[in-house]
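The values are calculated or read from the model by the stated rules, or taken from the named source; none is laboratory data. Here the structure is a predicted model, which is why all the values come from computation and not from measurement. As a convention, Cβ positions derive from the backbone with ideal geometry for all residues, glycine included, and neighbour counts pool all protein chains shown. In case anyone asks, the SASA skips ligands and DNA or RNA and just uses the protein heavy atoms, side chains included. Shrake-Rupley method; radii C 1.70, N 1.55, O 1.52, S 1.80 Å.
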Amino acid sequence: MKNFILVLFCFFYFSLNGFNQKQNAGALSRPKLVVGIVVDQMRWDYLYRYHDRYTLGGFKRLLNEGFTCENTLIPYLPTYTAPGHTSIYTGSVPAIHGIIGNFWYSKTMRKSTYCTDDTVSTVGSTSDAGKMSPRNMWVTTVTDELRLATNFRSKVIGIALKDRGAILPAGHAANAAYWFDNVNGAFITSTYYMKSLPDWVNRFNNRKLPDQYLKQNWNTLYPIETYVQSTPDDKFYEGIVPHEDNTFPHNTENITKDKYNTLRYTPYGNTLTIDMAKAAIEAEHLGSSATTDFLTVSFSSTDYIGHAFGPNSIEAEDTYLRLDMDLSAFLTYLDKQVGKGNYTVFLTADHGVAHVPEFLLENNIHAENVRDSIIKTSLNEMAENRFKIKDAVAYIINDQIFLSKNVEAEQTQIIINAIVKRLLEFPFIANAVNLSNVSNTTLPEVQKNMLANGYNQKLSGEIQFFYKPHDIEGSNRGTTHGSWNPYDAHIPLLWYGWGIKKGKTNRETYMTDIAATLSALLHIQMPSGCIGKVIEEVIKN
């Protein structure tokens, strides 16, 4: 009888075990964790400009052990932070997803609108910095689609210093997005996501890491004379930063006014972002369940530093050398925490940046700083003199002109034609286009496509103009981005880890291909506005 029971037990055990093995054998294969990294304002050439000084574990690890798309371009205008992060994660363009800039002019409210503004409340601070959500984004993200595909069992969390760098990648259905508040030097969120901060976020904030980093000051990682890829320190055309100190070592220890805003203008802002990412992985157990989780990380300090000092500064070089070391440590952390081969990483940028015009002039390359206010004044004077219309131009933003309500409907096309003609008389403007007639313009195909992809009929202005290469809107200090030119539109795209081949491609790929490729890798639906194509070379068969 005992033998019979033993045989019966073995029969059921092995039958059930065999059934489970068959079930597991048929299970869909996905990584435990996807980490999306956006380096705000990273030009593609930074991968190689500082290559010889990078460690083996950071950018070089991604380049040597992963897959690099060497010719990845942004296919729309303007090349700014909010549309960049949105287009990466939606696979879409501003014409479709609705995030046409960091700010844009609201035709109904007759005022500037911020990309993530909402009527929600701040969570974690008394400031207004948390009144943000993704509601202005019209389409889903790849992170939304992952949540939908797993019936919301996958966790999605977004982290950045900038609110738009955390919110837009994480999507509508995210578990959380956290961003940095200058008032209390802490990571906050909004009531869109939750009513109060989780205990782990409060514990993280209570560590007061920003204060610890600011006490270190910012000196060069290596002897300053070894920064041969950069111009000498403290050029007259470098921007004014919160600590009002443009020379190494940057004194951040004794800052009292706008103290925590200073952190954004140092490499320590990136280090703090990684600290927060690690805390989220551990507290939320990301990458430890049966479903794939997604962590979006955006490094914002590179943008603040780049705007102030420019791409040829020692500050920019030192920032990327330090970021490389931070990335190396973060990848090693992921190896231990999630397991090497269990996670997928992609690294890209939301846009590049132009050289500081004064730096180019210093080296016999044409460049010019232009003020939108000068253009607006000139256009309004012309309209008033010729057509007796006062303040015909209401606003200039994103290199677009918005007409005021003073222009009657029957006068619109006449005024537009006159403004286009006047714009072309400015020596720093290369082209100007009536946005209601993009298809009939004589622009080069690249500019024409980028213009069409950036034009949103409900939100955009009436006229788009193009500066000549190296001419930018700004003062005589620092630099910016936003144009169609390769220095703004050519971005890095690196893939690494689970499901990723080793190699590279020099064929033309686009920012919008990232979400399409991730969707194919994860076997989920593409986002609802996706126009990108799968980069098949990246994915293992």
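Considering the range 442-451 alone, what residues qualify as being under 22 Å from Y80 (Cβ atoms) and either part of a helix (DSSP H, G or I) or open to solvent by less than 30 Å² (accessible area, probe 1.4 Å) (or both)?
The first filter runs over the range 442-451 and keeps only residues under 22 Å from Y80 (Cβ atoms), leaving 443-444, 446-451.
Those that are under 22 Å from Y80 (Cβ atoms) and either part of a helix (DSSP H, G or I) or open to solvent by less than 30 Å² (accessible area, probe 1.4 Å) (or both): L443, V446, Q447, K448, N449, M450, L451.
Starting from residues that are hydrophobic (A, V, I, L, M, F, W, C) and touching a residue at least 60 places away in the same chain (Cβ under 8 Å), keep the ones in the range 251-274 and report whichever is surrounded by the fewest Cβ atoms within 10 Å (Cβ to Cβ).
To start, the set of residues in the range 251-274 that are hydrophobic (A, V, I, L, M, F, W, C) comprises 255, 263, 272, 274.
In the following step, the residues that additionally are touching a residue at least 60 places away in the same chain (Cβ under 8 Å) were identified as 263, 272.
Details: L263: 27, L272: 24.
Restricting to residues being hydrophobic (A, V, I, L, M, F, W, C) and touching a residue at least 60 places away in the same chain (Cβ under 8 Å), the top hit is L272.
Write out, first by first residue and then by second, each pair whose Cβ atoms fall under 7 Å of each other, whose residues are 6+ apart or on separate chains, and whose first residue, in the range 436-462, is at pLDDT below 95 while the second is open to solvent by 30 Å² or more (accessible area, probe 1.4 Å) and of a type in the set (A, V, I, L, M).
V438/A452
From the list N151, N184, N175, which residue is farther than 27 Å from A95 by Cα, touching a strand residue (DSSP E or B) at 6+ places or on another chain (Cβ under 9 Å) and among the polar types (S, T, N, Q)? Please lay out each step first, then the result.
Numbers: N151 fails: touching a strand residue (DSSP E or B) at 6+ places or on another chain (Cβ under 9 Å); N184 fails: touching a strand residue (DSSP E or B) at 6+ places or on another chain (Cβ under 9 Å).
Only one candidate qualifies: N175.
Right, N506: touching a residue at least 40 places away in the same chain (Cβ under 8 Å) and under 22 Å from N71 (Cβ atoms) or not?
Spelling it out, N506 is indeed touching a residue at least 40 places away in the same chain (Cβ under 8 Å) and under 22 Å from N71 (Cβ atoms).
So which pairs qualify, if the first residue must be in the range 417-433 and buried (at least 18 other Cβ atoms within 10 Å of the Cβ), the second must be small (G, A, S) and outside any helix (DSSP H, G or I), the Cβ gap must be under 6 Å, and the two must be at least 6 apart or on different chains?
Listed pairs, sorted by first residue: V420/A432; L423/A432.
Would you check if there is a residue in the range 224-233 being surrounded by fewer than 18 Cβ atoms within 10 Å (Cβ to Cβ), under 30 Å from N184 (Cα atoms), of a type outside the set (D, E, K, R) and touching a residue at least 24 places away in the same chain (Cβ under 8 Å)?
no
Which is closer than 30 Å to S154 by Cβ, in contact with a Ser or Thr (Cβ under 9 Å, 6 or more places away or on another chain) and either modelled with pLDDT of 95 or more or of a type in the set (D, E) (or both), of L263, L214, L286, L272?
Working: L263 fails: closer than 30 Å to S154 by Cβ; L214 fails: closer than 30 Å to S154 by Cβ; L286 fails: in contact with a Ser or Thr (Cβ under 9 Å, 6 or more places away or on another chain).
None of the others qualify; the one that does is L272.
Given the criterion surrounded by fewer than 24 Cβ atoms within 10 Å (Cβ to Cβ) and small (G, A, S), identify the matching residue among S483, S475.
Values: S483 fails: surrounded by fewer than 24 Cβ atoms within 10 Å (Cβ to Cβ).
Exactly one residue qualifies, and that residue is S475.
In the range 117-166, which residue that is open to solvent by 40 Å² or more (accessible area, probe 1.4 Å), among the polar types (S, T, N, Q) and touching a residue at least 40 places away in the same chain (Cβ under 8 Å) is nearest to M194 (Cα to Cα)?
S121
Which members of the range 48-79 meet the condition of being within 12 Å of L327 (Cβ to Cβ) and in contact with an Asp or Glu (Cβ under 9 Å, 6 or more places away or on another chain)?
Matches in the range 48-79: Y54, T55, G57, G58, F59, K60.
If the requirement is being at positive phi and either in contact with a Lys or Arg (Cβ under 7 Å, 6 or more places away or on another chain) or without any contact (Cβ under 8 Å) to a residue 60 or more places away in the chain (or both), which of these qualifies: K215, K208?
Values: K215 fails: at positive phi.
Criteria check complete, one pass: K208.
Let me confirm something: among Y114, Y76, Y54, Y50, which residue is under 16 Å from the mean Cα position of the chain (by Cα) and surrounded by 20 or more Cβ atoms within 10 Å (Cβ to Cβ)?
Numbers: Y114 fails: surrounded by 20 or more Cβ atoms within 10 Å (Cβ to Cβ); Y54 fails: under 16 Å from the mean Cα position of the chain (by Cα); Y50 fails: under 16 Å from the mean Cα position of the chain (by Cα).
The conditions single out Y76.
Would a scan of the range 488-509 turn up a residue that is touching a Pro at 6+ places or on another chain (Cβ under 6 Å) and open to solvent by less than 40 Å² (accessible area, probe 1.4 Å)?
So far as the range 488-509 goes, no, none of its residues is touching a Pro at 6+ places or on another chain (Cβ under 6 Å) and open to solvent by less than 40 Å² (accessible area, probe 1.4 Å).
Please determine, by comparing only the residues of the range 15-63 that are aromatic (F, W, Y) and part of a helix (DSSP H, G or I), which one is modelled with the lowest pLDDT. Write out each step before concluding.
First, the residues of the range 15-63 that are aromatic (F, W, Y): 19, 44, 46, 48, 50, 54, 59.
Imposing the further condition that a residue be part of a helix (DSSP H, G or I) reduces the set to 19, 46, 48, 59.
On the way: F19: 39, Y46: 98, Y48: 98, F59: 98.
This residue is F19.
Scan (1) part of a loop (DSSP other than H, G, I, E, B); (2) in contact (Cβ under 8 Å) with a residue 12 or more places away in the chain for the single condition A277 breaks and write down its number.
The number of the failed condition is (1).
Condition check: under 28 Å from the mean Cα position of the chain (by Cα) and either at pLDDT below 95 or crowded, with 19+ Cβ neighbours inside 10 Å (or both). Does P198 satisfy that?
On the way: under 28 Å from the mean Cα position of the chain (by Cα): yes; either at pLDDT below 95 or crowded, with 19+ Cβ neighbours inside 10 Å (or both): no.
Spelling it out, it is not the case that P198 is under 28 Å from the mean Cα position of the chain (by Cα) and either at pLDDT below 95 or crowded, with 19+ Cβ neighbours inside 10 Å (or both).
Within the range 167-184, how many residues are of a type outside the set (F, W, Y), out of contact with any His (no Cβ under 8 Å at 6 or more places or on another chain) and open to solvent by less than 10 Å² (accessible area, probe 1.4 Å)? Show your work before the answer.
First pass over the range 167-184, keeping only residues of a type outside the set (F, W, Y): 167-177, 181-184.
Keeping just the survivors that are out of contact with any His (no Cβ under 8 Å at 6 or more places or on another chain) gives 167, 170-177, 181-184.
Narrowing further to those that are open to solvent by less than 10 Å² (accessible area, probe 1.4 Å): 167, 170-171, 176-177, 181.
Result for the range 167-184: 6.
Could you please find all residues in the range 509-532 being over 20 Å from the mean Cα position of the chain (by Cα) and free of Cβ contacts under 8 Å to residues at least 40 places away in the same chain?
Of everything in the range 509-532, just one residue is over 20 Å from the mean Cα position of the chain (by Cα) and free of Cβ contacts under 8 Å to residues at least 40 places away in the same chain, namely A520.
So that you can scan it fast, the table gives a plain yes or no per residue for (1) within 30 Å of F359 (Cβ to Cβ); (2) not in a helix (DSSP H, G or I):
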position: A432; (1), (2): yes, yes
position: N456; (1), (2): no, yes
position: S460; (1), (2): no, yes
position: Q464; (1), (2): yes, yes
position: T479; (1), (2): yes, yes
position: K504; (1), (2): no, yes
position: I514; (1), (2): no, no
position: L521; (1), (2): no, no
position: P527; (1), (2): no, yes
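Considering only the range 313-419, give the helices (runs of 4 or more DSSP H) lying wholly within it that have at least 3 residues that are more than 29 Å from I74 (Cα to Cα). Let's see the steps before the verdict.
Numbers: elements: 314-334, 357-362, 372-387.
Correct list: 314-334, 372-387.
Output the number of residues of the range 363-378 satisfying the condition of being touching a residue at least 40 places away in the same chain (Cβ under 8 Å) and farther than 20 Å from A418 by Cβ.
7
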